[in-house]
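Participant: One structure coming up, written as structure tokens, with questions to follow.
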Amino acid sequence: MLLATSFSAGGLAGMLIGVILGALLVGGIIGFFITRIVVKKQLKENPPINEKQIRAMYMSMGRKPSEADIKKTMNAMKRGK
């Protein structure tokens with residue numbers, strides 16, 4: 001019978017390492033795709049800031065923004081500042 005097969009210590013350790021590495025690989029691949037789906041969903045629901053939102057922000061502060069102000073703010077947002 002296949003279940004009654006006895007393994008040597010080295011064979012059992014090798015099989016255990018193989019199963020662990022296989023599980024890590026499969027888990028990493030599944031995690032990558034789940035994360036990708038979640039990030040796409042978040043970007044769809046909460047898009048990055050746009051020029052219209054920056055214009056509204058300036059107006060709420062009581063300023064009439066110039067195009068230079070808007071472009072400067074957009075470039076700063078893109079740089080992550």
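The values are calculated or read from the model by the stated rules, or taken from the named source; none is laboratory data. The structure displayed is predicted, hence computed values, not measured ones. In this analysis, Cβ positions are derived from the backbone assuming ideal geometry, glycine residues included, and neighbour counts consider all displayed protein chains. Just the protein is used for accessible areas: all its heavy atoms, side chains included, with ligands, DNA and RNA removed. Shrake-Rupley method; radii C 1.70, N 1.55, O 1.52, S 1.80 Å.
Participant: Using each residue's phi in segment 21-33, evaluate 6.51 cos²θ - 1.76 cosθ + 1.60 at θ = phi - 60° and report the 3J(HN,Hα) Karplus result to the nearest Hz, with x for Gly and Pro.
Facilitator: 3J(HN,Hα) across segment 21-33, in whole Hz: 5, x, 5, 5, 5, 5, x, x, 5, 5, x, 4, 5.
Participant: Run the dipole for the chain about the Cα centre, Lys and Arg Cβ at +1, Asp and Glu Cβ at -1, nothing else charged, and hand back the magnitude in debye, nearest 20.
Facilitator: It comes to approximately 700 debye.
Participant: Oh, and also: Once each part is reduced to its C-alpha centroid, what is the distance from segment 10-35 to segment 45-78 in angstrom?
Facilitator: Answer, in whole Å: 47.
Participant: Right, here's the next one. First select every other residue whose beta carbon is under 11 angstrom from the beta carbon of Asp69; then total the charges, Lys and Arg +1, Asp and Glu -1.
Facilitator: Value of the local net charge: +3.
Participant: Residue by residue, what Karplus-based ³J(HN,Hα) values in Hz, rounded to whole numbers, does segment 35-40 have, using 6.51, -1.76 and 1.60 with θ = phi - 60° and x for Gly and Pro?
Facilitator: 4, 4, 5, 5, 5, 4
Participant: For segment 9-66, with every protein chain kept in place, what is the accessible area per residue (1.4 Å probe, Å²)?
Facilitator: For segment 9-66, the solvent-accessible area averages 84 Å² per residue.
Participant: May I have the count of lysine pairs in the chain with C-alpha atoms under 28 Å apart, counting pairs 8 or more residues apart or located on different chains?
Facilitator: Pairs that pass both the separation and distance tests number 24.
Participant: Over segment 1-52, what percent of the accessible surface lies on carbon and sulfur atoms, probe 1.4 Å?
Facilitator: Reported share for carbon and sulfur atoms: 76 percent.
Participant: Computed from these coordinates, which is log10 I(q)/I(0) by the Debye sum over Cα atoms at q = 0.11, 0.23, 0.26 Å⁻¹: (1) -0.39, -1.13, -1.19; (2) -0.26, -0.97, -1.17; (3) -0.59, -1.06, -1.15?
Facilitator: Computed from the coordinates, log10 I(q)/I(0) by the Debye sum over Cα atoms at q = 0.11, 0.23, 0.26 Å⁻¹ corresponds to (3).
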